[in-house]
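Enquirer: Dumping the structure here so I can ask a few things about it.
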Amino acid sequence: MLRANAAEDGTQAPDIGVMKEDQDAKKPRPKAQQTGIYRRWWSGFGRIVLLSFQSPGVGATAPLLDAISPAVLRLPVRPGRGNFYEGGITKAFLGKLRLDANVFRRDSHQYSDDDVLLDTGVSFPIAFAKARIFGEEIRVEIPQWGRFSGYVSYANQSGYGQGPITGGLFLGSDAANALTNTSKFAVTQDQRNSLHARVRFQAPRRAWLAMGAQYGSGLPADIGGANVSDLQAAYGQEILDRVNLARGRVEPNFSLDLAAGAEIYRKESRSATLQIQVANLANRLNVINFASIFSGTALGEPRSVSANLRLAF
């Protein structure tokens with residue numbers, strides 16, 4: 001992968017290399033720059049080859065699959081190829097904040113993914129003709145501001161794949177359509193808005209308290225020609241209410257987490273630290289995937305409480 005960098009603080013001059021920095025390329029800082037400002041731009045291009053693999057379980061259960069459906073299509077998953085483009089900037093300001101921002105695009109051919117067998121826990125590799133994933137990411141971090149630290153990050157990501165299917169295992173009507181369907185569809189990374197935030201307070205006497213939050217605007221939920229009554233019987237009304245069938249996406253998910261810790265014992269080199277964490281404090285039902293072509297149905301973690309005791313000698 002090729003990567004180019006440029007900095008404005010005098011610690012690193014513009015350079016280009018293959019996954020390494022030229023430590024001898026430092027040059028004096030231009031007079032026009034302001035003292036104390038750090039700014040760095042970077043860009044990169046990568047070309048990758050993804051080696052294919054075959055699930056041994058699929059071949060071993062071939063007679064059973066033939067008994068399930070008279071139409072079975074088996075295609076080898078060939079190696080995939082992709083071009084990755086990215087660029088970004090890192091900037092520190094006010095002496096306490098750090099900003100990281102980047103944009104990216106990934107173009108793939110023979111794009112590989114995982115499929116599930118009849119909405120079970122059995123998965124196997126699959127590939128389709130091509131895919132494109134692109135988006136932006138931004139993160140603002142406060143490493144330390146008095147007793148506080150934290151960050152907030154936002155990502156906007158879109159992605160689509162396009163047929164026909166070029167590798168995998170298909171049963172019934174899926175087998176008949178796999179080789180002829182050239183339509184586009186949203187891939188599992190197509191979540192337009194993602195937000196993460198965390199704040200930590202360092203209390204006196206070696207104790208701390210932290211709060212974190214995660215938000216996602218929802219992944220695609222393509223149910224095809226499925227009957228709503230059948231979906232209700234299979235998944236239940238509570239889960240179905242978390243899916244916007246008109247938009248073809250699951251409803252936004254949100255989780256609020258709390259954590260606290262303290263050093264409860266210390267003598268010379270020996271210490272004991274206790275940490276307690278509560279995940280999904282509101283016990284919100286979050287549907288991550290629903291009847292996805294490639295990922296099935298997945299639910300977020302319900303409210304849970306965990307404790308951790310660490311001993312050092």
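Enquirer: Just to be sure, is Val278 closer than 30 Å to Ile126 by Cα and of a type in the set (A, V, I, L, M, F, W, C)? It would help to see each step written out before you state the result.
Expert: Working: closer than 30 Å to Ile126 by Cα: no; of a type in the set (A, V, I, L, M, F, W, C): yes.
So Val278 does not fit the description; no.
Enquirer: May I pose another question? Can you confirm whether Gly36 is modelled with pLDDT under 85, over 14 Å from Gly168 (Cα atoms) and of a type outside the set (Ser, Thr, Tyr)? Explain how you work it out, then say what you get.
Expert: On the way: modelled with pLDDT under 85: yes; over 14 Å from Gly168 (Cα atoms): yes; of a type outside the set (Ser, Thr, Tyr): yes.
Criteria met by Gly36.
Enquirer: Within segment 286-308, work out how many residues are at pLDDT 95 or above and among the hydrophobic types (A, V, I, L, M, F, W, C).
Expert: Counting residues in segment 286-308 that are at pLDDT 95 or above and among the hydrophobic types (A, V, I, L, M, F, W, C) gives 2.
Enquirer: Check off (1) free of Cβ contacts under 8 Å to residues at least 60 places away in the same chain; (2) among the hydroxyl-bearing types (Ser, Thr, Tyr); (3) farther than 30 Å from Gln277 by Cβ; (4) crowded, with 17+ Cβ neighbours inside 10 Å for Ser158 and give me the number that stays unchecked.
Expert: (4)
Enquirer: Considering only segment 270-287, state which residues are assigned to a strand (DSSP E or B) and either touching a helix residue (DSSP H, G or I) at 6+ places or on another chain (Cβ under 9 Å) or surrounded by fewer than 18 Cβ atoms within 10 Å (Cβ to Cβ) (or both).
Expert: Step one: filter segment 270-287 for residues assigned to a strand (DSSP E or B), giving 270-279, 287.
Passing the criteria: Arg270, Ser271, Ala272, Thr273, Leu274, Gln275, Ile276, Gln277, Val278, Val287.
Enquirer: Right, next: For Tyr151, work out the one condition from (1) aromatic (Phe, Trp, Tyr); (2) under 26 Å from the mean Cα position of the chain (by Cα); (3) under 24 Å from Leu99 (Cβ atoms); (4) modelled with pLDDT under 95 it doesn't fulfil.
Expert: Among (1) aromatic (Phe, Trp, Tyr); (2) under 26 Å from the mean Cα position of the chain (by Cα); (3) under 24 Å from Leu99 (Cβ atoms); (4) modelled with pLDDT under 95, the lone unmet condition for Tyr151 is (4).
Enquirer: For Phe93, indicate whether it is surrounded by fewer than 17 Cβ atoms within 10 Å (Cβ to Cβ) and either under 20 Å from Thr188 (Cα atoms) or modelled with pLDDT under 90 (or both). Steps first, answer last, please.
Expert: Details: surrounded by fewer than 17 Cβ atoms within 10 Å (Cβ to Cβ): yes; either under 20 Å from Thr188 (Cα atoms) or modelled with pLDDT under 90 (or both): yes.
Answer is yes for this residue.
Enquirer: May I ask you to list pairs of residues, at least six apart or on different chains, whose Cβ atoms are under 6 Å apart, with the first in segment 244-259 being in contact (Cβ under 8 Å) with a residue 40 or more places away in the chain and the second being buried (at least 18 other Cβ atoms within 10 Å of the Cβ) and among the β-branched types (Val, Ile, Thr)?
Expert: Val250/Val243; Val250/Val287
The values are calculated or read from the model by the stated rules, or taken from the named source; none is laboratory data. Since we're looking at a predicted model, the values are computed, not measured. Cβ sites come from the backbone with ideal geometry, for glycine too, and all protein chains shown count toward neighbours.
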